[in-house]
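The values are calculated or read from the model by the stated rules, or taken from the named source; none is laboratory data. All of these numbers come straight from a predicted model, not from anything done at the bench. Note that each Cβ is placed from the backbone with ideal geometry, even for glycine, and that neighbours are counted across all protein chains shown.
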(Lines give C-alpha, C1' and ligand atoms only; values in the text may rest on other atoms or scores of the structure.)
Protein backbone atom coordinates (compact mmCIF):
# COMPACT_ATOMS: atom_id res chain seq x y z
CA UNK A 1 0.00 0.00 0.00
CA UNK A 2 1.47 3.33 -1.08
CA UNK A 3 1.39 6.37 1.18
CA UNK A 4 1.44 10.09 0.54
CA UNK A 5 4.57 12.03 1.45
CA UNK A 6 2.98 13.58 4.54
CA UNK A 7 1.85 10.17 5.78
CA UNK A 8 5.30 8.67 5.29
CA UNK A 9 6.82 11.57 7.19
CA UNK A 10 4.39 10.99 10.06
CA UNK A 11 5.71 7.44 10.38
CA UNK A 12 9.33 8.60 10.14
CA UNK A 13 8.79 11.27 12.77
CA UNK A 14 7.22 8.74 15.16
CA UNK A 15 10.50 6.78 15.10
CA UNK A 16 12.72 9.79 15.71
CA UNK A 17 13.70 10.56 12.12
CA UNK A 18 14.11 14.29 11.58
CA UNK A 19 11.79 15.52 8.83
CA UNK A 20 10.95 18.65 6.90
CA UNK A 21 7.86 19.72 8.81
CA UNK A 22 4.62 20.47 7.03
CA UNK A 23 0.83 20.59 7.22
CA UNK A 24 -1.55 19.10 4.64
CA UNK A 25 -4.37 21.15 3.10
CA UNK A 26 -7.26 20.49 0.72
CA UNK A 27 -8.18 24.07 -0.26
CA UNK A 28 -6.19 27.28 -0.92
CA UNK A 29 -7.70 28.79 2.23
CA UNK A 30 -6.58 25.82 4.31
CA UNK A 31 -3.13 26.14 2.73
CA UNK A 32 -2.82 29.74 3.93
CA UNK A 33 -3.88 28.76 7.46
CA UNK A 34 -1.39 25.87 7.35
CA UNK A 35 1.37 28.29 6.34
CA UNK A 36 0.53 30.61 9.25
CA UNK A 37 0.55 27.69 11.68
CA UNK A 38 3.84 26.47 10.25
CA UNK A 39 5.40 29.90 10.79
CA UNK A 40 4.31 29.82 14.42
CA UNK A 41 5.82 26.35 14.85
CA UNK A 42 9.07 26.72 12.93
CA UNK A 43 9.65 30.41 12.22
CA UNK A 44 9.78 29.78 8.46
CA UNK A 45 8.73 32.66 6.19
CA UNK A 46 9.07 30.79 2.87
CA UNK A 47 7.05 27.68 2.11
CA UNK A 48 7.19 24.72 -0.26
CA UNK A 49 3.84 23.74 -1.78
CA UNK A 50 3.86 20.03 -2.69
CA UNK A 51 1.20 18.07 -4.57
CA UNK A 52 0.24 14.91 -2.68
CA UNK A 53 -0.12 12.06 -5.19
CA UNK A 54 1.24 8.52 -5.30
CA UNK A 55 3.96 9.24 -7.85
CA UNK A 56 7.53 10.46 -8.01
CA UNK A 57 8.88 13.25 -10.20
CA UNK A 58 6.28 15.73 -8.95
CA UNK A 59 8.62 18.69 -9.27
CA UNK A 60 9.21 18.05 -12.97
CA UNK A 61 5.47 18.04 -13.55
CA UNK A 62 4.92 21.35 -11.78
CA UNK A 63 3.66 19.80 -8.57
CA UNK A 64 6.31 21.27 -6.23
CA UNK A 65 6.80 25.04 -6.02
CA UNK A 66 8.33 27.59 -3.64
CA UNK A 67 6.09 30.30 -2.14
CA UNK A 68 7.80 33.35 -0.62
CA UNK A 69 4.72 34.78 1.12
CA UNK A 70 1.13 33.92 2.03
CA UNK A 71 -0.28 35.37 -1.18
CA UNK A 72 1.93 33.04 -3.19
CA UNK A 73 0.91 30.11 -0.98
CA UNK A 74 -2.73 30.76 -1.89
CA UNK A 75 -2.05 31.33 -5.58
CA UNK A 76 0.21 28.28 -6.03
CA UNK A 77 -2.09 26.02 -3.99
CA UNK A 78 -5.01 27.13 -6.17
CA UNK A 79 -2.98 26.22 -9.28
CA UNK A 80 -1.90 22.79 -8.02
CA UNK A 81 -5.12 21.64 -6.33
CA UNK A 82 -7.41 20.06 -8.89
CA UNK A 83 -4.74 19.77 -11.59
CA UNK A 84 -4.03 16.53 -13.42
CA UNK A 85 -0.38 16.09 -12.51
CA UNK A 86 1.64 14.21 -15.12
CA UNK A 87 5.00 12.76 -14.06
CA UNK A 88 7.25 9.96 -15.37
CA UNK A 89 5.48 7.66 -12.90
CA UNK A 90 1.87 8.43 -13.88
CA UNK A 91 -0.20 7.60 -16.93
CA UNK A 92 -0.44 10.07 -19.80
CA UNK A 93 -3.65 11.40 -18.23
CA UNK A 94 -1.89 12.10 -14.94
CA UNK A 95 -3.27 12.03 -11.39
CA UNK A 96 -5.77 14.40 -9.83
CA UNK A 97 -4.28 16.44 -6.98
CA UNK A 98 -6.67 16.46 -4.01
CA UNK A 99 -4.24 17.71 -1.34
CA UNK A 100 -1.10 19.78 -1.00
CA UNK A 101 1.54 19.70 1.70
CA UNK A 102 2.66 23.11 2.94
CA UNK A 103 6.22 22.47 4.11
CA UNK A 104 8.86 24.62 5.79
CA UNK A 105 11.78 26.01 3.83
CA UNK A 106 14.88 24.06 4.89
CA UNK A 107 17.29 25.49 2.32
CA UNK A 108 18.17 28.48 4.49
CA UNK A 109 21.60 30.21 4.34
CA UNK A 110 24.29 29.27 6.83
CA UNK A 111 27.97 28.54 7.40
CA UNK A 112 28.21 25.53 5.07
CA UNK A 113 26.62 24.51 1.80
CA UNK A 114 23.61 22.24 1.79
CA UNK A 115 24.00 18.74 0.32
CA UNK A 116 21.43 16.27 -0.96
CA UNK A 117 21.65 12.48 -0.67
CA UNK A 118 19.56 9.51 -1.78
CA UNK A 119 18.75 6.83 0.83
CA UNK A 120 16.31 3.93 0.64
CA UNK A 121 15.65 0.76 2.64
CA UNK A 122 14.18 -2.28 0.92
CA UNK A 123 14.44 -6.06 0.68
CA UNK A 124 17.15 -7.60 -1.47
CA UNK A 125 15.24 -10.61 -2.76
CA UNK A 126 18.39 -12.25 -4.09
CA UNK A 127 19.88 -12.57 -0.60
CA UNK A 128 16.77 -12.48 1.60
CA UNK A 129 18.20 -9.55 3.57
CA UNK A 130 17.17 -5.97 4.01
CA UNK A 131 19.38 -3.46 2.27
CA UNK A 132 20.19 0.22 2.59
CA UNK A 133 20.81 1.74 -0.84
CA UNK A 134 22.37 5.20 -0.84
CA UNK A 135 24.13 7.74 -3.01
CA UNK A 136 25.67 11.20 -2.88
CA UNK A 137 23.53 12.10 -5.91
CA UNK A 138 20.34 13.03 -4.09
CA UNK A 139 17.55 14.96 -5.75
CA UNK A 140 18.06 13.07 -9.04
CA UNK A 141 16.24 10.06 -10.50
CA UNK A 142 18.07 7.10 -9.00
CA UNK A 143 17.52 5.18 -12.27
CA UNK A 144 19.52 7.84 -14.13
CA UNK A 145 22.29 7.69 -11.53
CA UNK A 146 22.41 3.88 -11.78
CA UNK A 147 22.65 4.02 -15.56
CA UNK A 148 25.14 6.85 -15.98
CA UNK A 149 27.24 6.71 -12.78
CA UNK A 150 26.71 3.30 -11.14
CA UNK A 151 29.88 3.71 -9.04
CA UNK A 152 28.06 6.43 -7.07
CA UNK A 153 25.46 3.98 -5.72
CA UNK A 154 26.35 2.09 -2.54
CA UNK A 155 24.53 -0.72 -0.75
CA UNK A 156 24.74 -2.05 2.78
CA UNK A 157 23.06 -5.38 3.56
CA UNK A 158 21.59 -5.88 7.01
CA UNK A 159 21.46 -9.21 8.85
CA UNK A 160 17.81 -9.54 9.92
CA UNK A 161 18.90 -11.32 13.08
CA UNK A 162 20.98 -8.41 14.40
CA UNK A 163 19.44 -5.42 12.65
CA UNK A 164 21.62 -2.54 11.54
CA UNK A 165 24.82 -2.30 13.59
CA UNK A 166 26.57 0.94 14.61
CA UNK A 167 29.58 0.30 12.35
CA UNK A 168 27.24 -0.01 9.34
CA UNK A 169 25.59 3.33 10.04
CA UNK A 170 29.05 4.91 10.39
CA UNK A 171 30.16 3.29 7.12
CA UNK A 172 27.20 4.83 5.29
CA UNK A 173 27.92 8.28 6.74
CA UNK A 174 31.59 7.94 5.76
CA UNK A 175 30.79 6.91 2.18
CA UNK A 176 28.55 9.97 1.89
CA UNK A 177 31.57 12.12 2.68
CA UNK A 178 30.33 13.48 6.00
CA UNK A 179 32.29 14.52 9.05
CA UNK A 180 31.81 16.24 12.38
CA UNK A 181 28.26 16.86 13.58
CA UNK A 182 26.78 15.96 10.19
CA UNK A 183 28.45 12.53 10.48
CA UNK A 184 26.87 11.96 13.91
CA UNK A 185 23.50 13.18 12.66
CA UNK A 186 23.61 10.83 9.69
CA UNK A 187 24.43 7.75 11.80
CA UNK A 188 21.45 8.54 14.01
CA UNK A 189 19.27 9.19 10.93
CA UNK A 190 20.20 5.84 9.34
CA UNK A 191 19.57 3.85 12.54
CA UNK A 192 16.17 5.50 13.10
CA UNK A 193 15.20 5.09 9.44
CA UNK A 194 15.96 1.37 9.53
CA UNK A 195 13.97 1.00 12.75
CA UNK A 196 11.01 2.76 11.13
CA UNK A 197 11.23 0.46 8.09
CA UNK A 198 11.26 -2.75 10.12
CA UNK A 199 8.77 -1.71 12.81
CA UNK A 200 6.19 -0.47 10.29
CA UNK A 201 6.42 -3.67 8.19
CA UNK A 202 7.23 -1.63 5.11
CA UNK A 203 8.19 -2.92 1.69
CA UNK A 204 10.19 0.21 0.92
CA UNK A 205 11.27 3.53 2.39
CA UNK A 206 12.77 5.90 -0.18
CA UNK A 207 14.02 9.34 0.90
CA UNK A 208 15.08 11.53 -2.01
CA UNK A 209 16.51 13.84 -1.04
CA UNK A 210 17.94 13.46 2.42
CA UNK A 211 19.27 16.95 3.17
CA UNK A 212 22.31 18.12 5.06
CA UNK A 213 21.28 21.62 6.01
CA UNK A 214 23.56 24.66 6.23
CA UNK A 215 23.86 24.06 9.99
CA UNK A 216 24.74 20.36 9.56
CA UNK A 217 21.37 18.84 10.43
CA UNK A 218 20.22 15.73 8.55
CA UNK A 219 16.54 15.49 7.63
CA UNK A 220 14.10 13.85 5.22
CA UNK A 221 12.81 16.35 2.68
CA UNK A 222 10.69 13.73 0.92
CA UNK A 223 9.29 10.31 1.83
CA UNK A 224 8.10 7.63 -0.56
CA UNK A 225 6.74 4.75 1.52
CA UNK A 226 5.19 1.43 0.50
CA UNK A 227 3.70 -0.70 3.27
CA UNK A 228 3.34 -4.49 3.12
CA UNK A 229 -0.42 -5.01 2.84
CA UNK A 230 -0.08 -8.51 4.31
CA UNK A 231 1.03 -6.96 7.61
CA UNK A 232 -1.63 -4.26 7.90
CA UNK A 233 -3.59 -6.37 10.40
CA UNK A 234 -0.82 -5.42 12.84
CA UNK A 235 -1.11 -1.71 12.01
CA UNK A 236 -4.74 -0.60 12.05
CA UNK A 237 -3.69 3.06 12.14
CA UNK A 238 -1.60 2.63 8.99
CA UNK A 239 -4.45 0.81 7.21
CA UNK A 240 -6.58 3.94 7.71
CA UNK A 241 -4.01 5.92 5.68
CA UNK A 242 -5.11 4.21 2.47
CA UNK A 243 -6.28 6.71 -0.14
CA UNK A 244 -8.42 4.84 -2.66
CA UNK A 245 -8.66 8.01 -4.78
CA UNK A 246 -5.06 7.30 -5.79
CA UNK A 247 -5.75 3.70 -6.81
CA UNK A 248 -7.18 2.15 -9.96
CA UNK A 249 -10.98 2.11 -9.32
CA UNK A 250 -11.35 -1.30 -10.98
CA UNK A 251 -8.67 -2.76 -8.70
CA UNK A 252 -10.41 -1.20 -5.68
CA UNK A 253 -13.71 -2.81 -6.68
CA UNK A 254 -12.03 -6.18 -7.25
CA UNK A 255 -10.34 -6.05 -3.86
CA UNK A 256 -13.65 -5.28 -2.17
CA UNK A 257 -15.09 -8.37 -3.89
CA UNK A 258 -12.21 -10.53 -2.65
CA UNK A 259 -10.61 -10.93 -6.08
CA UNK A 260 -6.89 -10.62 -6.77
CA UNK A 261 -6.83 -8.27 -9.74
CA UNK A 262 -4.14 -6.19 -11.46
CA UNK A 263 -5.04 -3.99 -14.41
CA UNK A 264 -2.80 -4.29 -17.51
CA UNK A 265 -2.75 -2.76 -20.99
CA UNK A 266 -3.70 -5.70 -23.20
CA UNK A 267 -6.76 -6.93 -25.09
CA UNK A 268 -7.51 -10.38 -23.61
CA UNK A 269 -9.14 -10.58 -20.20
CA UNK A 270 -8.05 -13.41 -17.90
CA UNK A 271 -10.07 -15.26 -15.26
CA UNK A 272 -7.97 -17.91 -13.56
CA UNK A 273 -7.75 -19.73 -10.24
CA UNK A 274 -4.27 -19.68 -8.74
CA UNK A 275 -1.45 -17.19 -9.19
CA UNK A 276 0.90 -19.64 -10.93
CA UNK A 277 -1.72 -20.67 -13.47
CA UNK A 278 -2.58 -17.00 -13.99
CA UNK A 279 1.04 -16.25 -14.90
CA UNK A 280 1.08 -19.23 -17.27
CA UNK A 281 -2.16 -18.02 -18.83
CA UNK A 282 -0.64 -14.61 -19.50
CA UNK A 283 2.25 -16.35 -21.30
CA UNK A 284 -0.30 -18.38 -23.26
CA UNK A 285 -2.06 -15.22 -24.42
CA UNK A 286 1.24 -13.67 -25.52
CA UNK A 287 2.09 -16.84 -27.43
CA UNK A 288 -1.25 -16.64 -29.22
CA UNK A 289 -0.49 -13.12 -30.42
CA UNK A 290 -2.56 -11.25 -27.83
CA UNK A 291 -1.73 -9.14 -24.81
CA UNK A 292 -3.13 -9.86 -21.33
CA UNK A 293 -5.52 -7.14 -20.16
CA UNK A 294 -5.33 -8.13 -16.52
CA UNK A 295 -4.19 -10.55 -13.86
CA UNK A 296 -7.27 -11.96 -12.14
CA UNK A 297 -7.18 -14.82 -9.65
CA UNK A 298 -10.69 -15.83 -8.55
CA UNK A 299 -9.27 -18.11 -5.85
CA UNK A 300 -10.46 -21.54 -4.82
CA UNK A 301 -14.16 -20.91 -5.32
CA UNK A 302 -15.81 -20.00 -8.59
CA UNK A 303 -19.58 -20.06 -8.14
CA UNK A 304 -21.97 -18.10 -10.36
CA UNK A 305 -21.94 -14.97 -8.20
CA UNK A 306 -18.14 -14.83 -8.06
CA UNK A 307 -17.74 -15.54 -11.78
CA UNK A 308 -20.35 -12.89 -12.61
CA UNK A 309 -18.50 -10.33 -10.49
CA UNK A 310 -15.24 -11.24 -12.22
CA UNK A 311 -16.81 -10.91 -15.68
CA UNK A 312 -18.21 -7.51 -14.74
CA UNK A 313 -14.83 -6.24 -13.59
CA UNK A 314 -13.02 -7.53 -16.69
CA UNK A 315 -15.59 -5.97 -19.02
CA UNK A 316 -15.11 -2.51 -17.50
CA UNK A 317 -11.89 -2.42 -19.50
CA UNK A 318 -12.91 -1.13 -22.93
CA UNK A 319 -9.76 -2.62 -24.48
CA UNK A 320 -10.84 -6.22 -23.82
CA UNK A 321 -11.62 -8.06 -27.07
CA UNK A 322 -11.91 -11.57 -25.63
CA UNK A 323 -11.97 -13.33 -22.26
CA UNK A 324 -10.06 -16.51 -21.46
CA UNK A 325 -11.36 -18.48 -18.47
CA UNK A 326 -8.65 -20.95 -17.42
CA UNK A 327 -9.55 -23.05 -14.39
CA UNK A 328 -7.82 -26.07 -12.90
CA UNK A 329 -10.30 -28.17 -10.96
CA UNK A 330 -8.57 -29.39 -7.85
CA UNK A 331 -10.33 -28.11 -4.75
CA UNK A 332 -13.25 -26.92 -6.87
CA UNK A 333 -14.82 -29.28 -9.41
CA UNK A 334 -14.76 -28.24 -13.06
CA UNK A 335 -18.46 -28.92 -13.60
CA UNK A 336 -19.33 -26.51 -10.77
CA UNK A 337 -17.16 -23.86 -12.35
CA UNK A 338 -18.75 -24.52 -15.73
CA UNK A 339 -22.21 -24.14 -14.22
CA UNK A 340 -21.05 -20.88 -12.63
CA UNK A 341 -19.84 -19.60 -15.99
CA UNK A 342 -23.11 -20.56 -17.72
CA UNK A 343 -25.27 -19.02 -14.96
CA UNK A 344 -23.21 -15.83 -14.95
CA UNK A 345 -23.49 -15.61 -18.75
CA UNK A 346 -27.29 -15.94 -18.54
CA UNK A 347 -27.54 -13.35 -15.76
CA UNK A 348 -25.40 -10.78 -17.54
CA UNK A 349 -27.11 -11.10 -20.91
CA UNK A 350 -26.11 -8.36 -23.34
CA UNK A 351 -23.42 -7.07 -20.99
CA UNK A 352 -21.11 -9.77 -22.35
CA UNK A 353 -20.20 -8.50 -25.81
CA UNK A 354 -16.88 -10.28 -26.43
CA UNK A 355 -16.01 -13.96 -27.14
CA UNK A 356 -15.37 -16.19 -24.13
CA UNK A 357 -12.98 -19.12 -24.29
CA UNK A 358 -13.42 -21.42 -21.31
CA UNK A 359 -10.68 -23.98 -20.62
CA UNK A 360 -11.41 -26.35 -17.72
CA UNK A 361 -9.05 -29.11 -16.71
CA UNK A 362 -8.95 -31.39 -13.68
CA UNK A 363 -11.74 -33.00 -11.67
CA UNK A 364 -14.85 -33.57 -13.83
CA UNK A 365 -13.33 -31.72 -16.81
CA UNK A 366 -15.21 -33.90 -19.29
CA UNK A 367 -18.56 -33.20 -17.66
CA UNK A 368 -17.72 -29.49 -17.57
CA UNK A 369 -17.01 -29.37 -21.29
CA UNK A 370 -20.28 -31.15 -22.08
CA UNK A 371 -22.18 -28.74 -19.85
CA UNK A 372 -20.76 -25.70 -21.68
CA UNK A 373 -21.17 -27.22 -25.15
CA UNK A 374 -24.83 -28.08 -24.44
CA UNK A 375 -25.68 -24.78 -22.74
CA UNK A 376 -26.68 -22.95 -25.90
CA UNK A 377 -24.47 -20.06 -24.77
CA UNK A 378 -21.83 -18.49 -27.03
CA UNK A 379 -19.00 -19.90 -24.95
CA UNK A 380 -16.08 -21.63 -26.67
CA UNK A 381 -14.92 -24.63 -24.62
CA UNK A 382 -11.43 -26.14 -24.47
CA UNK A 383 -9.64 -28.71 -22.35
CA UNK A 384 -5.99 -28.47 -23.43
CA UNK A 385 -3.65 -25.51 -23.06
CA UNK A 386 -2.71 -25.44 -26.76
CA UNK A 387 -6.35 -25.78 -27.75
CA UNK A 388 -7.19 -22.71 -25.68
CA UNK A 389 -4.28 -20.81 -27.22
CA UNK A 390 -5.44 -21.68 -30.75
CA UNK A 391 -8.97 -20.52 -30.02
CA UNK A 392 -7.72 -17.23 -28.52
CA UNK A 393 -5.76 -16.71 -31.73
CA UNK A 394 -8.87 -17.37 -33.85
CA UNK A 395 -11.11 -14.90 -32.01
CA UNK A 396 -8.43 -12.20 -32.16
CA UNK A 397 -7.85 -12.64 -35.90
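Assorted remarks:
- Scanning the stretch 281-298 for residues being surrounded by 15 or more Cβ atoms within 10 Å (Cβ to Cβ) and touching a helix residue (DSSP H, G or I) at 6+ places or on another chain (Cβ under 8 Å) gives a total of 12.
- Checking each residue in the stretch 366-386 for being out of contact with any strand residue (DSSP E or B) (no Cβ under 7 Å at 6 or more places or on another chain) and either crowded, with 18+ Cβ neighbours inside 10 Å or within 23 Å of residue 339 (Cβ to Cβ) (or both) picks out 366, 367, 370, 371, 374, 375, 376, 377, 378, 384, 385.
- Residue list for the stretch 39-67, restricted to those being part of a helix (DSSP H, G or I) and in contact with a strand residue (DSSP E or B) (Cβ under 6 Å, 6 or more places away or on another chain): 42
- Every residue from the stretch 234-253 that is more than 16 Å from residue 95 (Cβ to Cβ) and out of contact with any helix residue (DSSP H, G or I) (no Cβ under 8 Å at 6 or more places or on another chain): 234, 235, 236, 237, 240
- Every condition in (1) more than 25 Å from residue 38 (Cβ to Cβ); (2) surrounded by 15 or more Cβ atoms within 10 Å (Cβ to Cβ) holds for residue 91 except the one numbered (2).
- Per the listing 306, 359, the residue uniquely part of a helix (DSSP H, G or I) and surrounded by 19 or more Cβ atoms within 10 Å (Cβ to Cβ) is 306.
- Just one residue in the set 230, 175, 130 is surrounded by fewer than 21 Cβ atoms within 10 Å (Cβ to Cβ), farther than 28 Å from residue 63 by Cα and at pLDDT below 95; that residue is 230.
- Here residue 125 fulfils each of the conditions (1) touching a residue at least 40 places away in the same chain (Cβ under 8 Å); (2) loosely packed, with under 12 Cβ neighbours inside 10 Å; (3) under 21 Å from the mean Cα position of the chain (by Cα) apart from (1).
- For the stretch 197-209, the tally of residues that are within 19 Å of the chain's Cα centre (by Cα) and either under 16 Å from residue 176 (Cα atoms) or surrounded by 21 or more Cβ atoms within 10 Å (Cβ to Cβ) (or both) stands at 6.
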